[in-house]
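Remarks on the structure that follows.
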Amino acid sequence: MFCFCNDFSVMVSLDGDQLYNDKLRHTKTGKGTHNTILNGIKNLLLYNTNGRISIRVTLTSINNDLIELTGYFSSLDLPFTIQLVTTNDAKLRPTFEELSSEIDDFGKYIIDLVKNKNYKEAFKRMFGWVNLAITAVHGKSKRFYPCGGGRKVLVVNPMGDVYICHRMDGSNSGKVGNIFEDAREEIIKNTRELFSEKLYAVDRLQDCSNCWAKYICGGRCYHESLITTNEWNTVDKLSCHFKKKLFELGLVLYAYLPDELRDNFSKTNKSKVIL
Ligand code: SF4
């Protein structure tokens with residue numbers, strides 16, 4: 001209750017239906033977590049959460065069927081996003097070919113939905129990078145950074161450690177202080193220093209400055225860059241491929257949408273068009 005009265009949002013990790021989630025997310029004794037997670041979501045929904053619960057799906061080589069995944073998550077009737085797994089573990093990383101093939105199949109499926117004017121089903125299945133591309137092109141907006149980490153967002157873990165991103169919790173990279181040990185001013189100063197020294201805008205990134213999608217994307221994810229290359233500003237090629245394919249799909253979908261439905265992707269349009 002405290003969280004929702006104080007404007008917190010809750011993002012829950014869930015990687016598919018019971019079969020797929022429990023292969024990927026289980027306890028030390030091997031017990032699956034799918035039903036526990038769904039029960040937790042149901043308990044949260046007893047409060048007036050006002051759209052502040054969403055699901056984050058981690059895509060791996062085990063759960064990479066996007067038609068199946070989006071079908072399952074759209075049936076839960078909660079906002080969801082699908083992100084590529086960040087790891088160097090080759091067993092969990094899909095290959096370039098697998099990713100391309102899954103995104104192509106999903107693309108054909110969702111473009112057909114739009115061509116057949118089944119917009120409601122298509123909108124329910126759109127996620128993350130697809131929506132971002134449509135929103136950027138519709139709003140003619142530019143992104144210079146991949147996220148708000150260190151600029152608009154700081155994250156505090158239960159020990160009081162402050163990071164620029166929740167995914168960096170537990171590592172020394174991205175830590176800018178501790179709320180029990182450091183004054184607020186010190187934490188802000190550390191964040192500013194980290195930001196100006198390490199976190200380059202997309203135009204300054206060697207890998208990204210000539211990319212056609214740079215102002216939709218904002219450049220490499222800091223966390224992915226650190227995990228895969230131990231550097232702050234290096235693009236993870238597989239993640240880049242994943243994003244670009246989904247940006248392309250978003251732009252194709254935008255071209256097929258009738259004008260009156262494009263405003264569903266306006267940042268300022270609070271009352272979405274009813275389909
Ligand atoms: S799509 Fe890839 S190359 Fe282009 S800006 Fe994003 S991370 Fe950089």
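The values are calculated or read from the model by the stated rules, or taken from the named source; none is laboratory data. Quick caveat, the model's predicted, so the values are computed rather than measured. No Cβ is skipped: glycine too gets one built from the backbone with ideal geometry, and neighbour counts run over all protein chains shown.
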Q: Taking the options 215, 254, name whichever one is among the hydroxyl-bearing types (Ser, Thr, Tyr), within 28 Å of residue 51 (Cβ to Cβ) and over 19 Å from the mean Cα position of the chain (by Cα).
A: 254
Q.
Can you find a residue that is surrounded by fewer than 20 Cβ atoms within 10 Å (Cβ to Cβ), at pLDDT 95 or above and within 12 Å of residue 15 (Cα to Cα) anywhere in the stretch 38-53?
A. yes
Q: Could you please find all residues in the stretch 6-22 being exposed (fewer than 15 other Cβ atoms within 10 Å of the Cβ), within 22 Å of the chain's Cα centre (by Cα) and either at pLDDT 95 or above or in a strand (DSSP E or B) (or both)?
A: 10, 11, 13, 18
Q: Tell me, yes or no, whether the stretch 144-162 has at least one residue that is within 16 Å of the ligand (Cβ to nearest atom), over 30 Å from residue 257 (Cβ atoms) and outside the structural domain of residue 256 (by the TED database).
A: yes
Q. Across the stretch 180-197, which residue is nearest to the ligand (Cβ to nearest atom) among those that are assigned to a helix (DSSP H, G or I) and surrounded by 16 or more Cβ atoms within 10 Å (Cβ to Cβ)?
A. 195
Q.
If I ask for residues that are near the ligand (Cβ under 8 Å from one of its atoms) and among the hydrophobic types (A, V, I, L, M, F, W, C), which ones from the stretch 223-247 would you list?
A. 235, 240, 247
Q: Output the residues belonging to the stretch 146-163 that are crowded, with 18+ Cβ neighbours inside 10 Å and within 16 Å of the chain's Cα centre (by Cα).
A: 146, 149
Q: With the condition kept exactly as written, say whether any residue in the stretch 209-222 is outside any helix (DSSP H, G or I) and more than 10 Å from the ligand (Cβ to nearest atom).
A: no
Q: Kindly list the number of the only condition in (1) within 23 Å of residue 244 (Cβ to Cβ); (2) of a type outside the set (S, T, N, Q); (3) over 15 Å from the mean Cα position of the chain (by Cα); (4) in a helix (DSSP H, G or I) that fails for residue 73.
A: (3)
Q | Failed item in (1) within 13 Å of the ligand (Cβ to nearest atom); (2) without any contact (Cβ under 8 Å) to a residue 24 or more places away in the chain; (3) under 12 Å from residue 138 (Cα atoms); (4) of a type in the set (Gly, Ala, Ser), with residue 250 passing the rest | A | (2)
Q) Name the residues in the stretch 198-208 that are within 11 Å of the ligand (Cβ to nearest atom), in a helix (DSSP H, G or I) and surrounded by fewer than 17 Cβ atoms within 10 Å (Cβ to Cβ), would you? A) 203
